[in-house]
């Protein structure tokens, strides 16, 4: 089993910001911001030194939590510091982007890393639908078409025109070609049946995030079944699970930290006004949205979002056991871990990386 | 747009064609059953559109005379010369594209621009050998619900066309036409559905590589019968190319939202 460090590059003072999304850019201070990225890159280097196999990057917008709106830029910078690890883009939010541009970024990264790139495609969380003014109702269609177009753009040796539903390009001819032929490994991050099936039918990897093991298994069971239908068996690198983590030297220390976190009464993750959240969800689902009714039934300032849970919590043996469950039950071969919890500073992350590298990686390596 | 049915004779054949519109001529070799579409209507608003029924296809009598696809293209050249003396844009679909390729090679003086839609001449898939009319019909579409909107060929027409294509080796890779693609010097567009199950996905690039002035267009979420799966996409692509040839790559749509 492989370990992946999620390069969140969080702004160091993010825990002091009010819980809103988007976070007003005026909260940032350039000195703190510059140092935060330096800290984040140092964490990546240390993760490589500690034996992590992958370093991953994600496209997220408009907050200090994961301030990598252009993840390829971040990946390029880290790839120059970390010369051995796989650089995993987990991933690009396809509905928001020009798919040809994503193909060009993946191909370029694959060249500057000499074939160390994993590409990742996903739709994104509801808040991301507000970025670049994409209609939430079109997200699924844009994702599916975008994946087809990117794969074609990365593999087709002759220039072509693309006549899509959402994208029309009369000349596509991506340079450079990827180093990994015919295509760098691709992970599709999803929980939806149509996209799981797409990944299976196209022999692509699957990425699942933050769900408990049994819910993850529902998804990976479908994936395995549909891969079998498509005539292939996914390998260990094909199933990636991203789960939040806090690892300490002992279970007791980890529990103490978690209790401390609970006392801070953390707000919801990626909070949105209830009206906005419901409007996005309705648009995604194609259902009616009653703004006036919702306003009348909601308290003023009502915000919603997922609560911050921790998927892997404990000392090294406990965390290794928790990770092993995902391997055994779901066939997960790569575990992608965001260590930058809201109340954990740079020193804390470095300490966790050391504990994880020395005591957990040896336990999961042979799985 | 009302198309008027006409009949002509040449090269020992009596064939029907349908015509509408005015302007530069566009000659179409359509798949049987797809002679009326958004594309035909849109073209007829700008061009003199002639859709010709090749001998041995559709409701025409069986064709035992043509010896090869090139031979059938020679017949087509004679028929087209009766209808128009002007150079024309030739739009061939499926088997019609195969004939169109030979026409552009053998009669370059007639063909001003060539548009190939789902051409099976290069690397066809080997799915047709034992398939029935309804099986082939299903295979032509990316989505079963689109197949349901169209009728399969009758058993009689399917048998007649299958016999002709088998006899002319049209279901096989045409290595002779591949060798001669470099002889096509008119602007050429090769359009394929991304989900075409009757032609290999390797085929489009061969046209691009070997025809000197060739663009390829891939229609997302469309099968072999693009007009059935994505009619608007086919109409817009073909209209743009018929008007602009290779300059259809130049964007003209405005990006202004609020002037």
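The values are calculated or read from the model by the stated rules, or taken from the named source; none is laboratory data. Please read these numbers as outputs of a predicted model, since none were measured by experiment. All Cβ positions, glycine included, derive from the backbone under ideal geometry; neighbour counts span all protein chains shown.
The lone criterion from (1) in a loop (DSSP other than H, G, I, E, B); (2) under 17 Å from the mean Cα position of the chain (by Cα) left unmet by residue B:152 is number (2). Of the residues making up segment A:137-152, at least one is more than 14 Å from chain B (Cβ to nearest Cβ) and crowded, with 20+ Cβ neighbours inside 10 Å. I'd like to know if segment A:91-103 contains one or more residues that are assigned by TED's automatic domain parsing to the domain that holds residue A:208 and at pLDDT below 95. Yes: one or more hits.
Here is the figure for segment B:11-54: residues that are in contact with a helix residue (DSSP H, G or I) (Cβ under 9 Å, 6 or more places away or on another chain), surrounded by fewer than 17 Cβ atoms within 10 Å (Cβ to Cβ) and within 18 Å of residue B:75 (Cα to Cα) total 1. For segment A:321-354, the set of residues classified as part of a helix (DSSP H, G or I) and modelled with pLDDT under 95 is empty. For segment A:62-77, the set of residues classified as buried (at least 20 other Cβ atoms within 10 Å of the Cβ) and within 28 Å of residue A:266 (Cβ to Cβ) consists of A:63, A:64, A:65, A:66, A:67, A:68, A:71, A:74, listed by residue number.
Anything in segment A:165-178 that is without any contact (Cβ under 8 Å) to a residue 60 or more places away in the chain, more than 8 Å from chain B (Cβ to nearest Cβ) and within 18 Å of residue B:222 (Cα to Cα)? List them, or say none. Don't jump to the end; show me each part of the working.
Of segment A:165-178, the ones without any contact (Cβ under 8 Å) to a residue 60 or more places away in the chain are A:165-166, A:168, A:170-171, A:173.
Right, trim to more than 8 Å from chain B (Cβ to nearest Cβ) and you get A:166, A:168, A:173.
Scanning segment A:165-178 gives A:166, A:168.
For segment A:175-197, the set of residues classified as more than 24 Å from residue A:210 (Cα to Cα) and surrounded by fewer than 21 Cβ atoms within 10 Å (Cβ to Cβ) consists of A:175, A:176, A:177, A:179, A:180, A:181, A:182, A:183, listed by residue number.
The condition (being touching a strand residue (DSSP E or B) at 6+ places or on another chain (Cβ under 9 Å) and either modelled with pLDDT under 80 or not assigned by TED's automatic domain parsing to the domain that holds residue A:141 (or both)) is satisfied by just one residue among A:304, A:295: A:304. I'm trying to understand the selection: among the residues of segment A:280-320, which are part of a helix (DSSP H, G or I) and free of Cβ contacts under 8 Å to residues at least 40 places away in the same chain? Listed by number, the residues that qualify are A:282, A:285, A:291, A:292, A:293, A:294, A:295, A:296, A:297. Of everything in segment A:153-164 that is buried (at least 20 other Cβ atoms within 10 Å of the Cβ) and either touching a strand residue (DSSP E or B) at 6+ places or on another chain (Cβ under 7 Å) or in contact (Cβ under 8 Å) with a residue 40 or more places away in the chain (or both), the residue that is farthest from the other protein chains (Cβ to nearest Cβ) is A:154. Yes or no: segment B:203-216 includes at least one residue that is free of Cβ contacts under 8 Å to residues at least 12 places away in the same chain, in contact with a strand residue (DSSP E or B) (Cβ under 8 Å, 6 or more places away or on another chain) and within 29 Å of residue B:143 (Cα to Cα). Scanning segment B:203-216 turns up at least one residue that is free of Cβ contacts under 8 Å to residues at least 12 places away in the same chain, in contact with a strand residue (DSSP E or B) (Cβ under 8 Å, 6 or more places away or on another chain) and within 29 Å of residue B:143 (Cα to Cα). Among the criteria (1) under 20 Å from residue A:194 (Cα atoms); (2) touching a strand residue (DSSP E or B) at 6+ places or on another chain (Cβ under 8 Å), the one residue A:100 does not fulfil is (1).
If you go through segment B:90-100 one residue at a time, do you hit one that is touching a residue at least 24 places away in the same chain (Cβ under 8 Å) and more than 17 Å from the chain's Cα centre (by Cα)?
No, every residue in segment B:90-100 fails to be touching a residue at least 24 places away in the same chain (Cβ under 8 Å) and more than 17 Å from the chain's Cα centre (by Cα).
Here is the figure for segment B:181-208: residues that are touching a helix residue (DSSP H, G or I) at 6+ places or on another chain (Cβ under 6 Å) and surrounded by fewer than 18 Cβ atoms within 10 Å (Cβ to Cβ) total 3.
Conditions (1) buried (at least 22 other Cβ atoms within 10 Å of the Cβ); (2) within 15 Å of residue B:223 (Cα to Cα); (3) modelled with pLDDT under 95, marked per residue:
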| site | (1), (2), (3) |
| --- | --- |
| B:108 | no, no, no |
| B:116 | yes, yes, no |
| B:119 | yes, yes, no |
| B:127 | no, yes, yes |
| B:133 | no, no, yes |
| B:136 | no, yes, yes |
| B:141 | yes, yes, no |
| B:146 | no, yes, no |
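Any residue at all in segment A:110-133 that's farther than 25 Å from residue A:191 by Cβ, touching a helix residue (DSSP H, G or I) at 6+ places or on another chain (Cβ under 6 Å), surrounded by fewer than 19 Cβ atoms within 10 Å (Cβ to Cβ) and not assigned by TED's automatic domain parsing to the domain that holds residue A:287? Within segment A:110-133, none of the residues are farther than 25 Å from residue A:191 by Cβ, touching a helix residue (DSSP H, G or I) at 6+ places or on another chain (Cβ under 6 Å), surrounded by fewer than 19 Cβ atoms within 10 Å (Cβ to Cβ) and not assigned by TED's automatic domain parsing to the domain that holds residue A:287.
Just to confirm my filter: which helices (runs of 4 or more DSSP H) fall fully inside segment B:163-259 and include at least 2 residues that are within 17 Å of the chain's Cα centre (by Cα) and at the interface with another protein chain (Cβ under 10 Å from one of its Cβ atoms)?
B:203-210, B:231-244
Return yes when residue A:332 is farther than 16 Å from residue A:255 by Cβ, buried (at least 22 other Cβ atoms within 10 Å of the Cβ) and either touching a residue at least 12 places away in the same chain (Cβ under 8 Å) or in contact with a strand residue (DSSP E or B) (Cβ under 9 Å, 6 or more places away or on another chain) (or both) and no when it is not. In short, yes.
Where helices (runs of 4 or more DSSP H) sit wholly within segment A:153-264, those with at least 1 residues that are within 25 Å of residue A:89 (Cβ to Cβ) and assigned by TED's automatic domain parsing to the domain that holds residue A:353 occupy A:193-201, A:213-229.
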